[in-house]
Amino acid sequence: MNGTSAPRWPASVGMALAKAPHDAAARGARWPPRLSAAARLDIALLVEQLAARPLWALLERALARLPGRPFGITRFYVLELGAPPRAGRVAAEGFAVRAATRADLAELARLEQKPAGRLAVRFDRGDYALCAVSGGEIVGYEWFSEQPFFLEEKTGYTFEIPGDGVYAYDAFVALVWRGRGVLGALQTAVRDLMPRRGRSRVLSMIQHDNRVSLTAHLRLGFRVARRLLVLTALGRALAFAVGPGGPSPGYGLSPLRQYAGRP
């Protein structure tokens, strides 16, 4: 004996497995059933995918299909950058970084696919945006908030911004400009502003399946400070800290972290 035990199946599952060959024989059918190579491959791939996905991921996808999405599960990485960002793989060139103004609202709304009035509210509450411009066109931007709290729009989760932090959100880089130093230039620009604003670190919250954004931020030197599992039900958000602070396919639930509702 090596000290390990066989997996314990529910009794109903065990009985069904035990009876299957006898039921097949009674019907004159072959057991195990003959499957084509393609069918066996499909089953193997399905089992592999299910094994790689934790229960939360399966629930997340199922709840996302409910009409009106009254319930939901969303997982986030909370990232933090306390030092100047590392240089990108390609030197920043061909664009300039400046502060966005209300005159840019129409173009920002087009790129972000949100109403201009909704973005104007961000300026009203004191948030600001930096944008990368080439040939008179915005090719990338990122929003920043220094308010005590930030309301995550999709889930209604209220993220607490520390007094020495800047919260970065809704970063965008045009497809043809990705990998050319735009995000790094935006982060460098906000870092240049932070000392005179009494801030020393940048924080951001990225949805777990947004691998493009997550990879780009990690390359700049961001670290995963923690992970959050946000449960939503009828307009209320319930958040848990989950797992260790690092990218991982598994998510273990830890005690309640914060409760927040939509304002």
Exercise. Using beta carbons and a limit of 7 Å, which pairs, at least six apart or on different chains, have the first residue in the range 50-64 and loosely packed, with under 12 Cβ neighbours inside 10 Å and the second one at pLDDT below 75?
Worked result: ALA52/PRO249
Exercise. Among the numbered criteria (1) modelled with pLDDT of 85 or more; (2) hydrophobic (A, V, I, L, M, F, W, C); (3) out of contact with any Leu (no Cβ under 7 Å at 6 or more places or on another chain); (4) closer than 25 Å to GLN147 by Cβ, which single criterion is violated by LEU256?
Worked result: (1)
Exercise. Taking ALA99, is it under 29 Å from VAL224 (Cα atoms) and at pLDDT 90 or above?
Worked result: yes
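Can you tell me which of VAL133, VAL139, VAL166, VAL176 is touching a helix residue (DSSP H, G or I) at 6+ places or on another chain (Cβ under 7 Å) and over 15 Å from SER204 (Cβ atoms)?
Numbers: VAL133 fails: touching a helix residue (DSSP H, G or I) at 6+ places or on another chain (Cβ under 7 Å); VAL166 fails: over 15 Å from SER204 (Cβ atoms); VAL176 fails: touching a helix residue (DSSP H, G or I) at 6+ places or on another chain (Cβ under 7 Å).
Sole residue among the options that is touching a helix residue (DSSP H, G or I) at 6+ places or on another chain (Cβ under 7 Å) and over 15 Å from SER204 (Cβ atoms): VAL139.
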Seminar exercise, completed: Note on the range 217-241: residues charged (D, E, K, R) and crowded, with 19+ Cβ neighbours inside 10 Å are ARG227
Problem set entry | Test: TYR128 is closer than 25 Å to ILE73 by Cα and not acidic (Asp, Glu) | no
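I'd like to verify a number: residues in the range 176-205 that are free of Cβ contacts under 8 Å to residues at least 40 places away in the same chain and assigned to a loop (DSSP other than H, G, I, E, B), how many? Write out each step before concluding.
Here is the first cut: in the range 176-205, the ones free of Cβ contacts under 8 Å to residues at least 40 places away in the same chain are 176, 178, 192-196, 198.
Remaining after also requiring assigned to a loop (DSSP other than H, G, I, E, B): 178, 194, 198.
Total satisfying the criteria: 3.
Filter the range 93-110 down to the residues that are touching a residue at least 24 places away in the same chain (Cβ under 8 Å) and aliphatic (A, V, I, L, M) and list them by number.
Of all residues in the range 93-110, those touching a residue at least 24 places away in the same chain (Cβ under 8 Å) come to 93-100, 104, 107-108.
Passing the criteria: ALA96, VAL97, ALA99, ALA100, LEU108.
The values are calculated or read from the model by the stated rules, or taken from the named source; none is laboratory data. Note that this is a predicted model, so its numbers are computed, not measured. Reconstructed Cβ throughout: ideal geometry from the backbone, glycine too, with neighbour counts over all protein chains shown.
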